[in-house]
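Student: After the structure tokens below, expect a handful of questions from me.
The values are calculated or read from the model by the stated rules, or taken from the named source; none is laboratory data. What you are looking at is a predicted structure, and each value in this text was computed from that prediction instead of being measured. Here the Cβ positions follow ideal geometry from the backbone for every residue, glycine too, while neighbour counts run over all protein chains shown.
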């Protein structure tokens with residue numbers, strides 16, 4: 001699950017920078033969209049970028065070690081190998097890494 005905020009005037013004919021915004025512990029993927037909590041729509045007003053806010057549960061956005069075996073939860077793998085390619089297929093994102101940014105709050109800061 002992920003929440004996506006498109007810039008005002010979004011058109012697939014143009015390519016946009018990408019901001020990956022990670023939530024904190026105890027929050028969900030829709031935390032930043034809540035006007036009483038983070039109000040990302042107002043905070044990012046005028047930011048000409050696609051903002052993707054993925055679910056991270058309580059996994060600290062990492063692939064867990066699990067006694068010597070890297071397996072579920074595998075948040076790093078999910079974001080890198082599943083979410084980002086899907087976002088790039090579905091939305092008009094600039095492909096160059098210099099136009100991709102990541103930010104987070106609390107646990108999300110750790111995930112960055």
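Student: Given the criteria free of Cβ contacts under 8 Å to residues at least 60 places away in the same chain, part of a loop (DSSP other than H, G, I, E, B) and closer than 13 Å to residue 5 by Cβ, does residue 41 qualify?
Tutor: no
For every residue, the table says whether it meets (1) surrounded by 12 or more Cβ atoms within 10 Å (Cβ to Cβ); (2) in contact (Cβ under 8 Å) with a residue 40 or more places away in the chain; (3) assigned to a helix (DSSP H, G or I); (4) in contact with a strand residue (DSSP E or B) (Cβ under 8 Å, 6 or more places away or on another chain).
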{"residue": "67", "(1), (2), (3), (4)": "no, no, no, no"}
{"residue": "70", "(1), (2), (3), (4)": "yes, no, no, yes"}
{"residue": "76", "(1), (2), (3), (4)": "yes, no, yes, yes"}
{"residue": "80", "(1), (2), (3), (4)": "yes, no, yes, no"}
{"residue": "83", "(1), (2), (3), (4)": "yes, yes, yes, yes"}
{"residue": "87", "(1), (2), (3), (4)": "yes, yes, yes, yes"}
{"residue": "95", "(1), (2), (3), (4)": "no, yes, no, no"}
{"residue": "103", "(1), (2), (3), (4)": "yes, yes, no, yes"}
{"residue": "110", "(1), (2), (3), (4)": "yes, yes, yes, yes"}
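Student: Identify, by number, the condition in (1) out of contact with any strand residue (DSSP E or B) (no Cβ under 8 Å at 6 or more places or on another chain); (2) surrounded by 14 or more Cβ atoms within 10 Å (Cβ to Cβ); (3) on the phi > 0 side of the Ramachandran plot that residue 28 doesn't meet.
Tutor: (3)
Student: Can you name the number of the only condition in (1) part of a loop (DSSP other than H, G, I, E, B); (2) touching a residue at least 40 places away in the same chain (Cβ under 8 Å); (3) closer than 22 Å to residue 8 by Cβ that residue 29 fails?
Tutor: (2)
Student: If you take the residues of the range 46-64 that are in contact with a helix residue (DSSP H, G or I) (Cβ under 7 Å, 6 or more places away or on another chain) and assigned to a loop (DSSP other than H, G, I, E, B), which of them is farthest from residue 100 (Cα to Cα)?
Tutor: 59
Residue by residue, here is whether (1) at pLDDT below 85; (2) surrounded by fewer than 14 Cβ atoms within 10 Å (Cβ to Cβ); (3) touching a strand residue (DSSP E or B) at 6+ places or on another chain (Cβ under 8 Å) holds:
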| position | (1), (2), (3) |
| --- | --- |
| 4 | no, no, yes |
| 8 | no, yes, no |
| 20 | no, no, yes |
| 33 | yes, no, yes |
| 37 | yes, yes, no |
| 47 | no, no, yes |
| 52 | no, no, yes |
